[in-house]
Protein chains: 2
Amino acid sequence: MKRRKVGNMLGLAVLSAVLDRPRHPYEMAAVLKERGKDADMPIKWGSLYTVVANLEKHGFLEAVESRKDGGRPERTVYGITSAGREELEDWVRELVGTVEKEPPRFQAGLSMVGVLGPDQTIALLRQRIEQLTERIEAQRAMLEQLRPLLPRLFLVEVEYDLAMTEAEERWTHAFLGELTSGAVPGIDAWRRYHETGEIPDDVGELLEEE
Amino acid sequence: MKRRKVGNMLGLAVLSAVLDRPRHPYEMAAVLKERGKDADMPIKWGSLYTVVANLEKHGFLEAVESRKDGGRPERTVYGITSAGREELEDWVRELVGTVEKEPPRFQAGLSMVGVLGPDQTIALLRQRIEQLTERIEAQRAMLEQLRPLLPRLFLVEVEYDLAMTEAEERWTHAFLGELTSGAVPGIDAWRRYHETGEIPDDVGELLEEE
DNA sequence: TCGGTGATACTCGTCTGCGAATACTCGTGG
DNA sequence: CCACGAGTATTCGCAGACGAGTATCACCGA
C-alpha cells in the first residue's frame, strides 16, 4: 500500500496554486481563497507552512528564490517540480476515479438517533431541512450569477455540491414525513426507551445475537 | 466558540458502546464492529486507547474496575458517567441538527479535473460509475437481508447512505453524458490546454479579474 | 508436545495538524 | 507626524492521531 507522501488535502490545493507560476506561501493562500478552492476541500490555513515544507521535502516543490523586500521576514518563492506536476495529476486521478467511503458526520448522527427519542429527532430534522434549503438557495443563486461569467468546467464542483445537497434535503424530508405520519412502526417503544432507558425486549434479543 | 473536549468521532462511538453496560476498551471495539458502527464513521482503531483515556480525563467515562484475569495485562473496565451521557446526546443533537459543509474528496477532485484533460476525465468517470453501481447493489442486498431482522430505526443510516450513493451515481452519469455527447462547450480548448499547457486567452483573462 | 495461527489486549514513538501568537508594513485621519 | 487598525507574512508549541509493534492465551492438527 503506497501511501501519499503528503496526505493533507491542502497539499493538493497548494500544488494547484503554483501550477501556472511560482508563488510564496501567503500568495498561494490568496489565490486559493480567490478561486474559492477553500469551499471544495477542508482547508486549515494554520497548516499552510507545514504543508509547503513537506511538499518541498518530498521534491514536489522547490525554492525558486528568496527575496528580502524591505524589512519584512524573508519570503521564499516556491515553484512546482515535474515530480510535483506528476503527483498533482495522480492525486486528482485517484480522487476522481475511485470511490472511497467517507461517511459524512450526519450519517454518524443518524446511526445514533436512538438516544434522542422521536420528538427531539423530529425537531432537529426540521431544523436541518431549513438549513439545507437555505444552502440550496444560496448555491442556486451563486450558480445563476457565475454561469454567464465562467466556462462550465469551472462550475462543475458547485453543480455537484448543489445536486448532493438537494438529494440530502429530499431524503431528509421524506424520512421526516415517515416519522411524523406514523408510518414508522415502533415509535412508541422508542419514546419509552428514551424516557425510561428500558430496552424493549425484542430489540434486546436482537442486540445479543447477530 | 465552545469546542468539543474530545473531538475524535471514535469518542462518540465509544460513548455509545458503554451506554448499556461498562466495558473494557477491547470489548468496545468488538461491539462497535459487531454493530457495524465502523461503517458509519471513519474509525482508526489505533486511536482507541488514546481516546478512551481522553474521555476519562474529561469525566465522560470512569474506571469501574480493573481486573487481572490470568497472566494478561490488566484490563480496565470503563463505565459512562452522567456527564458522558449528556455529552453523547448533545453531540448527536449537533450532528443531526446542524449542517456543516464537509466537502467530499470527490468534490476536490472535480474542482481540478482541468489538469487531467477531457479524455482521461471521461475514462475515470466511467470507472467511478462502475464502483458506485457495485456499491449500490451491495447496499441494496444488505438492506433486503436486514430489513426483516431489524427495526427500521436501525437501518436509517444505511438507507441514507444508499440514497446518497444513488444520487451521486445519477449526477455523475449525467455529467459523463454531457461530456461524451459534446454538450459541454470548450472541450477542444480544454484538450489543447492539457496537451500544450497553454491557457486559452479568454480563460486567462477570467483568472486575472474576479 | 510442539509449533502454528488467530484472537485478545494493549503500548509506544513519530509525525503532523493547526490554533494562536508574533511581527512588520502601510495607509489614513486626527 | 504619530497612533491605529487592517492587511501581510510567518513561527511555534504541543495535543493528539495512528501505524506498527508486543505479548499472552487458546485451540488445533500433526
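Just so it is clear, none of the values below were taken in a lab; they were calculated from the coordinates. Everything quoted here is computed from the prediction, not taken from an experiment. FYI the Cβ positions are ideal-geometry reconstructions off the backbone, even for glycines, and counts take in every protein chain you see.
Normalised by the number of residues in segment B:105-209, what is the relative contact order in percent for Cα pairs under 8 Å and 6+ residues apart?
40 percent
Reported to the nearest whole Å, the Cα centre-to-centre distance from segment A:136-189 to segment B:117-155 is 19. Counted by Cβ distance under 11 Å from A:Trp45, the other residues give a net charge of +1, where Lys and Arg count +1 and Asp and Glu count -1.
Extending 7 Å from Cα along the Cβ direction at A:Ala141 and again at A:Tyr26 yields two label points whose distance is 3.3 nm.
With a 10 Å cut-off around each Cβ of B:34-40, the average count of Cβ atoms from other chains is 4. Where in segment B:169-189 is the amide nitrogen less than 16 Å from a point lying 7 Å along the Cα-to-Cβ axis of A:Leu150? Once the point is set 7 Å along Cα→Cβ of A:Leu150, B:185 turn out to lie under 16 Å by backbone N, inside segment B:169-189.
Spin-label model, A:Ser82/A:Glu134: points 7 Å from Cα along the beta carbon direction are separated by 5.1 nm. Between A:Ala183 and B:Lys5, what FRET efficiency follows from the Cβ-Cβ distance if R0 is 51 Å, with the result rounded to 0.05? Efficiency, from the Cβ-Cβ distance: 0.85.
Net charge dipole, chain B: roughly 1520 debye, given to the nearest 20, about the Cα centre with Cβ charges of +1 for Lys and Arg and -1 for Asp and Glu.
Based on Cα contacts under 8 Å between residues 6+ apart, chain B shows a relative contact order of 17 percent.
Taking the dipole about the Cα centre of chain B, with the C-beta of Lys and Arg at +1 and of Asp and Glu at -1, give me whichever of B:Leu143, B:His58, B:Ala163 is farthest to the positive side. Toward the positive end, the furthest listed residue is B:His58. Over segment B:28-151, the ratio between the Cα radius of gyration and 2.2 N^0.38 Å evaluates to 1.55. Per residue of peptide B:86-92, the mean number of Cβ atoms on other chains within 10 Å of the residue Cβ is 4. For segment B:1-115, the relative contact order works out to 27 percent when only alpha carbon pairs closer than 8 Å and six or more residues apart are counted. Remark: mean inter-chain Cβ contacts per residue of B:128-141 equal 1, using a 10 Å Cβ-Cβ cutoff to other protein chain atoms. Over chain B, DSSP H runs of length four or greater, each weighted -39,500 (n - 2.57), average out per residue to a 222 nm ellipticity of -19000 deg cm²/dmol. With a Förster radius of 22 Å, plug the Cβ-Cβ distance of B:Glu62 and B:Glu94 into 1/(1 + (r/R0)^6) and report the FRET value to the nearest 0.05. Rounded to the nearest 0.05, the efficiency is 0.40. Chain B comes nearest to the axis taking it onto chain A at the Cβ of one residue; that residue and its distance, in whole Å, are B:Ala167, 2.
The Rg/Rh ratio of segment B:9-97, with Rg taken over Cα atoms and Rh as the Kirkwood radius over Cα pairs, comes to 0.97. Position A:Thr133: other-copy label points at 3.7 nm, ordered by increasing distance, label point 7 Å along Cα→C-beta. In the assembly of identical copies, B:Val64 has its label point, taken 7 Å from Cα in the direction of the beta carbon, separated from the corresponding points by 6.2 nm (ascending, one decimal).
Stokes-Einstein diffusion for segment A:105-209 at 20 °C, viscosity 1.002 mPa s, with a Kirkwood radius from C-alpha pairs, works out to 131 µm²/s. Using the average count of surrounding beta-carbon atoms within 10 Å as a protection proxy, the listed peptides B:79-90, B:142-153 rank, highest first, as B:79-90, B:142-153.
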